[in-house]
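Shown next, in structure tokens, is the structure this report addresses.
The values are calculated or read from the model by the stated rules, or taken from the named source; none is laboratory data. Computed from a prediction, not measured in an experiment: that's the story for all the values here. Virtual Cβ from ideal backbone geometry, glycine too; neighbours counted across all protein chains shown. Accessible surface areas use protein heavy atoms only, side chains included; no ligands, DNA or RNA. Shrake-Rupley method; radii C 1.70, N 1.55, O 1.52, S 1.80 Å.
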Amino acid sequence: MEGYTVHKIKLNQNTEKKLLIFLFTIIPVALLLLFSYYPLIKMFQYSLTDWNGITPDPNFVGADNYRTVLTNPNYFAVFKTSLYYFIATFFQLGIALLFATLLSFKVKFANFWKGVLFFPYLLNGVAIGFIFLYFYKGGGTLDTVLSFLGLDGQIRLWLGDRSINNIALAFTSVWRYTGFNFLIFLGAIQSVNPEIYEAAEIDGASQWDKFLYIIVPSIKNIIFLNIILGISGSLSVFDIPYIMTGGSNGTTTFVIQTISTAFKYNKTGLASAMGIILLMIVIVVTVIQRLAIREKR
């Protein structure tokens, strides 16, 4: 009888545990389905119609929207703007890796420099856009610094000149996101066993040797992951160019073009197809990243 009671108590405890897990899981899963997967399904449905965002009964057009996006240069050619952010990604990762390596060792005021590097990532994208609007405007911070250095001949319309405006915007993106990559790199580097560095010092390894033969091989998966995240981010840039230029003067990105198509030109079905295409590109990039990491292992 006593054994039966103990068994019943354990059974009740297991039931309560499963019920507790279920209750804690069902709410986030329900929210995920409601705000992520259901809108995705609806967006795919809209992408097969000519819906303008207003009429209740849109016409089914099949794959016409996808054909338009992939063949009309006005929609797909804006991906050229992403090349600026793509190239900037490697400068961003290089700067982040450099400072993460330096600050992973004993440096004076290390915590202060860590805070300085990570602080821009904490700022809202809108705030950063307005900060750099004043930075780049005529007679603003950048022009003042160049004048002080005697480089008045280098002053130009940083956001109005098509030859330089996307570079200026990409620099803003680098300033904002370097702290994020820095933090990831720093955590990965600090996870390396300190005894490995001590053994390398005994063998006469220089700081460069430590970086090249210890740090890089130890965090190569993190480096590759950050590259993929940077590539995905360069394809979906929105807030900085939208706030600073509104996508004018050749600074339109694919996301800005998608939003303009939906809300400015009332072509919600076409914009939905653009969103699905961007999602597919990001998924393909992610799959390539996973396959590459698996092969390296």
> Using the Karplus equation 6.51 cos²θ - 1.76 cosθ + 1.60 (θ = phi - 60°), what ³J(HN,Hα) coupling, rounded to whole Hz, does each residue of the stretch 124-138 give in order, writing x for Gly and Pro?
Replying inline: 5, x, 5, 4, 5, x, 5, 4, 7, 4, 6, 5, 9, 5, x
> Separation between the Tyr265 and Leu212 pseudo-spin-labels, each 7 Å from Cα along Cα→Cβ, expressed in nm?
Replying inline: 5.2
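Go through Thr141, Thr81 and list them by solvent-accessible area, largest first, probe radius 1.4 Å. Walk me through the intermediate numbers first.
Details: Thr141 75, Thr81 10 Å².
If we order Thr141, Thr81 from most to least accessible, we get Thr141, Thr81.
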> Which length gain, in nm to one decimal place, applies between Lys80 and Lys137 when the Cα-Cα distance is subtracted from 0.36 nm times their residue separation?
Replying inline: 18.0 nm
>> If I take R0 = 41 Å and measure r between the Cβ atoms of Ser236 and Glu195 in this structure, what FRET efficiency does the formula 1/(1 + (r/R0)^6) give, to the nearest 0.05?
In response: 0.50
> Near the amide H of Thr49, under 5 Å away, which other amide H atoms are found, from residues 5 or more places off or on another chain, if H is placed in the peptide plane?
Replying inline: Val61
> Taking the Cα centre of the chain as the origin and placing charges on Cβ (Lys, Arg +1; Asp, Glu -1), which of Ile240, Gly125, Asn52 is farthest toward the positive end of the dipole?
Replying inline: Asn52
> When the Karplus curve 6.51 cos²θ - 1.76 cosθ + 1.60 is applied with θ = phi - 60°, which whole-Hz ³J(HN,Hα) does each residue of the stretch 23-32 get, with x for Gly and Pro?
Replying inline: 5, 6, 8, 5, 5, x, 5, 4, 5, 5
> Taking only DSSP H segments of four or more residues, each worth -39500 (n - 2.57), what value at 222 nm results for the chain once the sum is divided by all its residues, to the nearest 500 deg cm²/dmol?
Replying inline: -22000 deg cm²/dmol
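Any chance you could run the full-extension gain for Gln45 through Ile21? It's 0.36 nm times the residue separation minus the Cα-Cα distance, nm to one decimal. Kindly include the intermediate steps, with their values, before the conclusion.
Working: separation 24, 0.36 × 24 = 8.64 nm, distance 3.41 nm.
Once the chain is fully extended between Gln45 and Ile21, it gains 5.2 nm.
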> Of the heavy-atom accessible surface of the stretch 63-147 (probe 1.4 angstrom), what whole percent is carbon and sulfur?
Replying inline: 72
> When the distances between all Cα atoms of the chain are binned every 5 Å from zero, what whole-number percent does each bin get?
Replying inline: 1, 5, 8, 10, 11, 12, 12, 11, 9, 7, 5, 4, 2, 1, 1, 0, 0, 0, 0, 0
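Percent of Cα-Cα pairs more than 24 Å apart in the stretch 138-297, please.
Numbers: 7297 of 12720 pairs.
Summing the P(r) tail past 24 Å for the stretch 138-297 gives 57 percent.
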> Can you tell which of Gly275, Phe109, Ile228 lies farthest toward the positive end of the dipole of the chain, using +1 and -1 charges on the Cβ of basic and acidic side chains (Lys, Arg; Asp, Glu)?
Replying inline: Gly275
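Where in the chain is the longest stretch that carries no chymotrypsin sites (Phe, Trp or Tyr not before Pro) classed as loop by DSSP and with at most 16 other Cβ atoms within 10 Å?
Working: sites that count: Phe105, Phe109, Phe238, Tyr265.
Answer - 110-237.
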>> Less than 15 Å apart at the alpha-carbon level, and either on another chain or at least 8 residues along: which aspartates and glutamates does that give for Lys220?
In response: Glu295
> Could you name the lysines in cross-link range of Lys17, using Cα to Cα under 20 Å and dropping any fewer than eight places away on the same chain?
Replying inline: Lys8
>> Please list, in order along the stretch 157-167, the HN-Hα scalar couplings obtained from phi with the Karplus expression 6.51 cos²θ - 1.76 cosθ + 1.60 (θ = phi - 60°), rounded to whole Hz, x for Gly and Pro.
In response: 7, 4, 9, x, 8, 4, 7, 10, 5, 5, 5
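Whole number in Å², please: accessible area per residue of the stretch 189-271, 1.4 Å probe, ligands, DNA and RNA not counted.
Details: 4190 Å² over 83 residues.
Ligands and nucleic acids excluded, the figure is 50 Å² per residue.
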> Which Rg and Dmax, in Å, describe the Cα atoms of the stretch 77-143?
Replying inline: 15.6, 48
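Kindly give Rg over Rh for the stretch 41-97, based on alpha-carbon atoms, with the Kirkwood expression for the hydrodynamic radius. Could the numbers behind the result be given before it?
Numbers: Rg = 17.6 Å, Rh = 14.2 Å.
Rg/Rh: 1.25.
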> Which value, in Å² rounded to 10, gives the accessible area of Met43 with a 1.4 Å probe and all protein chains present?
Replying inline: 60
>> At 1.4 Å probe size, put Leu235, Leu229 in order of accessible surface, largest to smallest.
In response: Leu229, Leu235
>> Can you divide the C-alpha Rg of the stretch 54-167 by 2.2 N^0.38 Å and report the result to two decimal places?
In response: 1.62
> Mind checking which aspartates and glutamates have their C-alpha under 16 Å from Lys137, skipping anything on the same chain fewer than 8 residues away?
Replying inline: Asp152, Asp161
> Quick one: how many Å² of Thr144 are accessible to a 1.4 Å probe, rounded to 10?
Replying inline: 80
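So if the hydrodynamic radius of the stretch 142-207 is defined as the Kirkwood radius over C-alpha pairs, what does Stokes-Einstein give as its diffusion coefficient at 4 °C and 1.567 mPa s, in µm² per second? Working shown, then result.
Details: Rh = 15.9 Å.
So the translational diffusion coefficient is about 81 µm²/s.
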> For the stretch 11-61, what mean projected area does the convex hull of the alpha carbons give, in nm²?
Replying inline: 4.9
> With no solvent and one point on each alpha carbon, what is the Debye value of log10 I(q)/I(0) for the stretch 202-297 at q = 0.22 Å⁻¹?
Replying inline: -1.07
